[in-house]
Amino acid sequence: MEAQSLPAALALVAGGGAGLSPERQAALGASLPLVQRDYRFERVWFWGCIQGVRGAYYIAEGLGPDRAAPRSRLYSLNCLDWSLLTPATKEMLALAEQVKGRFQGDPSFEYSLSEINAEAHSVYNTEVVVSITEEARLIATVELIDREVGIVPRGAFVKTPLGSVYENRHFEGLSLVEAKKLSSYFHFTEPVNLKNKTLLEKADLDPSTDFLDSLEHDIPRGSWSIQLEKGGTVVVLRSLLWLGLTFYHVPMTKQFGYVYFGTGEKNLDLPFML
């Protein structure tokens with residue numbers, strides 16, 4: 001969610017019970033504009049908070065003019081001092097998915113993972129121990145959450161013929177009827193299902209706005225909860241796959257965004273709960 005409108009945006013998603021203390025909000029209001037200035041970002045988003053056993057990680061994202069470009073991510077332990085995170089790699093993502101349990105709250109903490117090498121195991125019956133730091137796990141977890149449940153309303157961004165993605169200045173919000181449909185929201189990441197559609201299915205799509213994957217085809221079905229709050233003036237979507245991810249949109253306005261307040265653990269039991 002936008003750093004400039006953080007207090008108002010947090011009030012819209014407070015129905016889930018998560019939020020920030022006034023002290024944390026004041027600290028973010030003072031530090032995020034400095035982050036935007038020092039790193040020369042065009043826009044700064046407050047991504048959310050991952051709660052650990054002994055502390056919490058507060059995450060912010062810096063964006064440039066092209067919204068499709070890789071985002072710069074920063075984390076803080078006190079909402080004042082920010083450290084830049086390195087981009088996620090395939091190795092980080094693979095190792096992070098093997099780690100189970102809560103975050104500790106210490107970026108230098110190391111998790112030890114046992115990997116069985118097939119060739120070595122057949123000859124020497126040995127295991128290879130691989131370690132991953134909590135900072136690397138944090139990088140991978142934020143990347144996975146953004147890929148799987150980071151969403152935007154349909155029409156909020158447009159794609160140019162050159163492939164760049166920019167904010168749609170003509171976007172005035174979804175109508176209340178459209179805002180209650182999963183098909184009106186897109187994953188704000190590289191599309192996967194769109195590439196598998198036939199030419200007949202793509203015939204009704206606008207290439208400038210319908211260039212992302214819709215939520216209506218998410219697996220498992222039922223992984224999103226849509227609710228109307230604040231007397232029906234705010235549409236709130238909550239992810240059941242990554243518990244703690246909340247998206248809000250005020251129909252007929254440009255106000256939308258998402259924030260994460262959770263433990264950074266994926267709900268792997270969801271298919272058995274639906």
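Highest mean first, what order results for 134-146, 1-13 on Cβ atoms within 10 Å?
134-146, 1-13
Can you give me the angle between helix 22-39 and the longest principal axis of the chain, using Cα atoms only, in degrees from 0 to 90, rounded to the nearest 10?
90 degrees
By average Cβ neighbour count within 10 Å, what is the ranking of 41-47, 31-37 from highest down?
With the highest mean Cβ count within 10 Å placed first, the list reads 41-47, 31-37.
As an exercise, identify the trypsin sites (Lys or Arg not before Pro) in the stretch 156-186 lying in DSSP coil whose Cβ has no more than 16 other Cβ atoms within 10 Å.
Passing sites in the stretch 156-186 are Arg169, Lys180, Lys181.
With Cβ to Cβ distances under 11 Å as the rule, what net charge do the other residues near Tyr248 carry (K, R +1; D, E -1)?
My count for the surroundings of Tyr248 gives +1.
Between (i) 31, 25, 19; (ii) 29, 25, 19; (iii) 26, 23, 18, which matches semi-axes √(5λ) of the Cα gyration tensor in Å calculated for the structure shown?
(i)
Suppose every K and R has +1 on its Cβ and every D and E has -1 on its Cβ; what is the size of the dipole of the chain about the Cα centre, in Debye to the nearest 20?
Charge dipole, the chain, about its Cα centre: 700 debye, nearest 20.
Find the percent of Cα-Cα distances in the stretch 226-274 that exceed 16 Å, and round it to a whole number.
Value for the stretch 226-274 (Cα pairs over 16 Å): 48 percent.
Among the listed pairs Lys90/Lys266; Lys180/Lys254; Lys230/Lys266; Lys100/Lys181, which are separated by more than 26 Å between their Cα atoms?
Going by Cα-Cα distance, Lys230/Lys266; Lys100/Lys181 fall outside the 26 Å limit.
Ignoring any ligand, DNA or RNA, what whole percent of the accessible area of the chain comes from carbon and sulfur when the probe is 1.4 angstrom?
For the chain, the apolar C and S fraction of the accessible surface comes to 55 percent.
Could you work out the helix-only [θ] at 222 nm for the chain, with each DSSP H run of four or more residues adding -39,500 (n - 2.57) and the total divided by the number of residues, to the nearest 500 deg cm²/dmol?
Computed mean residue ellipticity for the chain: -6500 deg cm²/dmol.
Using a/c under 1.5 as the rounded threshold, could you call the stretch 53-106 rounded, prolate or oblate? The axes a ≥ b ≥ c are square roots of the C-alpha gyration tensor eigenvalues, and prolate needs a/b larger than b/c, oblate otherwise.
The shape class here is oblate.
Specify which residue in the list Pro220, Pro153, Val44 is farthest towards the positive end of the charge dipole of the chain, using unit charges on the beta carbon of Lys, Arg (+1) and Asp, Glu (-1), about the Cα centre.
Going by the charge dipole, the pick is Pro153.
Compute the long axis of helix 134-149 from its Cα atoms, compare it with the longest principal axis of the Cα atoms of the chain, and write down the angle in degrees, 0 to 90, nearest 10.
It works out to around 40 degrees.
Local charge sum around Asn78 (other residues, Cβ-Cβ under 15 Å, Lys/Arg +1, Asp/Glu -1)?
The answer is -1.
Once the other residues with Cβ under 13 Å from the Cβ of Phe41 are scored (Lys, Arg +1; Asp, Glu -1), what is the net sum?
Charge balance in the 13 Å sphere: +1.
Sort the following peptides by mean Cβ neighbour count (other Cβ atoms within 10 Å, averaged over residues), highest first: 235-248, 252-265, 17-30, 53-66.
Descending mean neighbour count gives 235-248, 252-265, 53-66, 17-30.
The values are calculated or read from the model by the stated rules, or taken from the named source; none is laboratory data. Note that the structure is predicted; figures quoted are calculated from it, not measured. Every residue, glycine among them, receives a Cβ derived from its backbone with ideal geometry; neighbour counts consider all protein chains shown. When the accessible area is computed, the model is the full protein with side chains, heavy atoms only, and any ligands, DNA or RNA have been set aside. Shrake-Rupley method; radii C 1.70, N 1.55, O 1.52, S 1.80 Å.
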